[in-house]
Amino acid sequence: MSAKGDMFYAWTNDANIKGECGGAVTSILKYMLSEKIVDMVLTVRKGVDLYDPQPAFITDPAELDKCAGSLHCGTLLLPKLIKKYLNGAKDMKIAITCKGCDAKAMYELGKRNQINMDNVIMIGLNCGGSVAPQMARKMIVEKYGVNPDKVFKEEIDKGQFIIEYTDENGAHQEKGIKIDDLEAEGMGRRLNCQRCETKIPRQCDLACGNWGVIGEKAGKATFVEVCSEKGAMVLDGAVKAGILATSAPEAKGLEIRGKIENVMVKMGKKAQEKQFATLGEGTDRLNKIMREASRCIKCYGCIENCPICYCVECSTKKPHLVRPGIIPPDFMFQMIRFAHIADSCINCGQCQELCPMDIPNSLYMHAQQVELEKMFGHKPGYDMELPVLAFAEEATERARLNATGSDMIYENVFGEQK
Ligand code: FAD
Ligand code: SF4
Ligand code: SF4
Ligand code: SF4
Ligand code: SF4
């Protein structure tokens, strides 16, 4: 029997599962779906090519075999799909694969009553970062001298972005370039990934990765850390069902994993300092943000994709706050987002990756979040602690606002309206 805090090497016994390392994640997902522990698995599968990770809503266990493996060239964030399309897991049980940003988004939606966390099992994936699809194609052409359509596998390993591809003679080739070198030239991982500090998502029920798997199991086993009782239950269940095997991790492997995590977290902090420094301070920062925001076409993409934005009636659509029919919108549009989200931004990058005007929204919001964390000590995405604004539940709050005609949405926190 396993328990919270236990760690294992784990590998599949199912010949149909061709996992990224040991296939433990797919095995556990398959076990949960076969045994009806969950009604659905929400994960990711390859679309037209490996630069096109797509969300996969799976109810047939055999379909999971097609999802095995890791896709690093994408910007997907899964949790909001549970809110949008699966009624917030209110009436079904769902297992979901979560990188650090997915895990944090789950917690932020959970604490706002948008996802029923009791009905969700989160299988965490360690994450060194992901690359935007268009950037991946560009750097494969420019830095690797390879046609991106000939690449059949990509991975981030030992500080390198490595591609496997078919050359003009039909032979398989491999080429790796140090991520540091790519990033020094403005390529490599997404900017928010460079700033990310959530490398092993222990908010999940299990945290799975390849860091720390050494010796004869290197490349053949998944490193699994048990992070909750639910996690222990599904890991034990998969072993008992015979789909998964485990062994104790090597002591040296544990040490290596710890060291890598520390280095990656430090790198994230360093990237924050470097990127935030480009924003300047005070009025300079505000002017910079206003200048960049003047490109905004008010497509609402940042709001639509932000896991913190969940409101049925968005304040940015209120005519007395942001005048309708004017492009770029009044700066109040951006101010509303800062006021509502900065304390809870999880640095997922969605508002930047998906902004058609390339406005570095995530950089600004994350910079504000880091300052607010220093002031108030609230760290979003790591536990169910409520930030100030989450005290107001949308439906109740809107009913009150409509009844009173007020816009004082802080009533629940600060008492009587003025
Ligand atoms: P598999 O059995 O192959 O199952 C993997 C599951 O993950 C599948 O269900 C698949 O659909 C899902 N998946 C694939 N891509 C994504 C995605 N982008 N978002 C959400 N789900 C996805 N491990 C480390 O130890 N160090 C790292 O630096 C590291 N970086 C990673 C970066 C990314 C972007 C991803 C997706 C994973 C990363 N991992 C990292 C985790 C590692 O690649 C494996 O996913 C993990 O070890 C589980 O292996 P497995 O063989 O058990 O998984
Ligand atoms: Fe991974 Fe963090 Fe980037 Fe999310 S933000 S993809 S967890 S590095
Ligand atoms: Fe993600 Fe942007 Fe929302 Fe922050 S503001 S949580 S980076 S979408
Ligand atoms: Fe996001 Fe604020 Fe709009 Fe709600 S009201 S969707 S928090 S910008
Ligand atoms: Fe404006 Fe970009 Fe947001 Fe669209 S995604 S509303 S262009 S900031």
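Annotations
- Once backbone amide H atoms are built at 1.01 Å from N, G74 has V131 as its partners under 5 Å, excluding neighbours fewer than 5 places away on the same chain.
- Angle in degrees between helix 394-404 and the longest Cα principal axis of the chain, rounded to the nearest 10: 10
- Restricting the calculation to Cα atoms, segment 337-377 shows an Rg/Rh of 1.00 when the hydrodynamic-style radius is the Kirkwood one.
- For segment 158-284, fraction of C-alpha pairs farther apart than 23 Å, in %: 52
- Highest GNM mean-square fluctuation among E164, E185, E154, for the chain modelled with Cα contacts below 10 Å: E185.
- Comparing R195, R291, R45 in a Gaussian network model of the chain where C-alpha atoms under 10 Å apart are linked, the largest mean-square fluctuation is found at R291.
- Averaging the sequence gap over all C-alpha pairs within less than 8 Å and six or more residues apart, then dividing by the number of residues, gives segment 1-97 a relative contact order of 28 percent.
- Gaussian network model of the chain, springs between alpha carbon atoms under 10 Å - residue of M375, M139, M122 with greatest fluctuation: M375
- Compactness relative to 2.2 N^0.38 Å, alpha carbon Rg of segment 54-169: 1.28
- Qualifying lysines (Cα of each under 20 Å from Cα of K93; at least 8 residues distant if same chain): K30, K36, K80, K83, K84, K104, K111, K230
- Estimated Rh, the chain: Kirkwood, alpha-carbon pairs, angstrom: 22.7
- Across the chain, C-alpha contacts under 8 Å between residues 6 or more apart give a mean separation that, scaled by the residue count, equals a relative contact order of 18 percent.
- Taking the C-alpha atoms only, the angle from helix 100-111 to the longest principal axis of the chain is near 50 degrees.
- For segment 1-45 versus segment 297-365, the spacing of their alpha-carbon centroids is 37 Å.
- With respect to the chain, whose longest principal axis is taken over its alpha-carbon atoms, helix 24-34 is tilted by about 80°.
Each value in this text was obtained by applying a stated rule to the coordinates, not by laboratory testing. Bear in mind the structure is a predicted one, so any value in this text is a computation, not a measurement.
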